[in-house]
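Trainee: What follows is a structure written as structure tokens; I'll ask about it next.
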Amino acid sequence: MSLLQKLEKKKEKDRSQEEQQPKNLVELADPHAAWKHELHGKIVDKLKNAKPDEKETEQDSEKAVVKRIEELVDQLVQETGTEVHLRMDRLRLKQEMVDEIIGYGPINPLLQDEAVSEVMVNGPRMVYAERNGKLELTGVRFRDDDHVLNVIERIVAPIGRRIDESSPMVDARLPDGSRVNAIIPPLALNGPTVTIRKFATDPFTVEDLINFGTLTREMAEFLDACVKGRLNVIVSGGTGSGKTTTLNVMSSFIPDSDRIVTIEDAAEIQLRQPHVITLESRPPNIEGKGAVSIRDLVKNSLRMRPDRIVVGEVRSGEALDMLQAMNTGHDGSLTTGHANTPRDMISRLETMVLMAGMDLPVRAIREQIASAVDLIIHQSRLRDGSRRITHLTEVQGMEGDVITLQDLYLFKQSGVDERGKVIGEFVATGIRPKFTEMLESNGIQLPHTLFNPSIF
């Protein structure tokens, strides 16, 4: 059965399910959907025949296209005699056509909404958005599976990625750096599924994280010293815990004089330093060849004379190359990884090193980790949707066959208030880290008050 036949069967199933859906869960189908689709086709045909003005800048060109679309809507509505009397209906129709032609279709308003941090398309009939850490079902709908596929193609085509039956999964990014994952039938039984993790147009600063309650000013001062003192740092946490945001803020502490190489699956790290080289992995082509993995890029980066290596996320064998880089003169490197606790992050690093295919004894792997990693920043997404740095943990070394860890700062949760907000406070454990001497040798003095056992 071809992909198109499968999609047709899926449409029939969706239609039968839609008739049984309660009205309070999903918005009823747009009765003018077919007419709007026809109108969209006519506008696109007319725009194709228009001659571009060579003197126009890209911004002017986009404004001209928007103006032309609005004019064509007025013209074609009048020609077809369709009843669109109300001013708001006409304005809404124009905006829908603009979103369809130069935006990302029905989800365009969600992507432009600054309060929305994540958009999840679970097939054409169900679109969720995350606001303030909470998921909510929106009234946004696509016409059918093909409509969602068109939007996915519009996202992945500009960056040279593809999605089809032979390659039904793709990671991509929007021009503003927002991360996109898409998966389509036959793997996604609900229909084409898209998950978009939005990033702020202006990257968050450390002041923003302090205001959000992610960390305290004392913790921020400590992290600033750790980065400038060239410690190797891993940001750990679960999915959606804010690891990449924290990595961005940490990266902002790197001096402008350093040469930074960033390595990612889809470029998300937003650095403002002048000397940054951004590398991005590449999936295989239609023949299954030409793939360039994160591990390949980490190896290559060692030949690029980096002062700092920043890996968006370690997931498998690249962990070994990252640890070796940290152990061979590339101090001050940063990366992230998925884990539930700092101790779990150490265990995951061991597993990922073994995934590199090297037959190394466990003790040798642990010695590599203990020697390479200085600090683990563990971040969690709490029940109320807030993100907090719950642990700042020093990797102290080895005792026997065990890597010893020491918590320097903790977030202690004491309860939940009547509005469902988590109650808690950041606490210094009172232990001064062993790497203080290393920081002092680099000219960085940490105030003793930073480690006083107190609530900030």
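Just so you know, all these numbers are worked out from the coordinates, no wet-lab data involved. On a predicted model such as this, the values are computed, not experimentally measured, just so you know. Counting neighbours? That spans all protein chains shown, and the Cβs are built from the backbone with ideal geometry, glycine included.
Trainee: Taking the Cα centre of each part, how many Å lie between the range 261-291 and the range 343-417?
Mentor: The distance from the Cα centre of the range 261-291 to that of the range 343-417 comes to 26 Å.
Trainee: With only Lys, Arg, Asp and Glu charged, each at its Cβ (+1 for the first two, -1 for the last two), find how big the charge dipole of the range 298-389 is about the Cα centre; round to the nearest 20 debye.
Mentor: Dipole about the Cα centre, nearest 20: 280 debye.
Trainee: Counting residues in the range 179-303 as N, plug N into 2.2 N^0.38 Å and put the Cα Rg over that result.
Mentor: 1.26
Trainee: Once you charge only the Cβ atoms, +1 for Lys and Arg and -1 for Asp and Glu, what is the size of the charge dipole of the range 132-177 about its Cα centre, to the nearest 20 debye?
Mentor: About 200 debye.
Trainee: Here's something else I'd like to know. Please list log₁₀ I(q)/I(0) at q = 0.11, 0.25, 0.26 Å⁻¹ for the range 186-259, using the Debye equation with identical point scatterers on the alpha-carbon positions.
Mentor: -0.38, -1.32, -1.38
Trainee: Is there a quick way to get the dipole size of the range 349-446? I mean about its Cα centre, with the Cβ of Lys and Arg at +1 and of Asp and Glu at -1; what is the value in debye to the nearest 20?
Mentor: Its charge dipole is roughly 460 debye.
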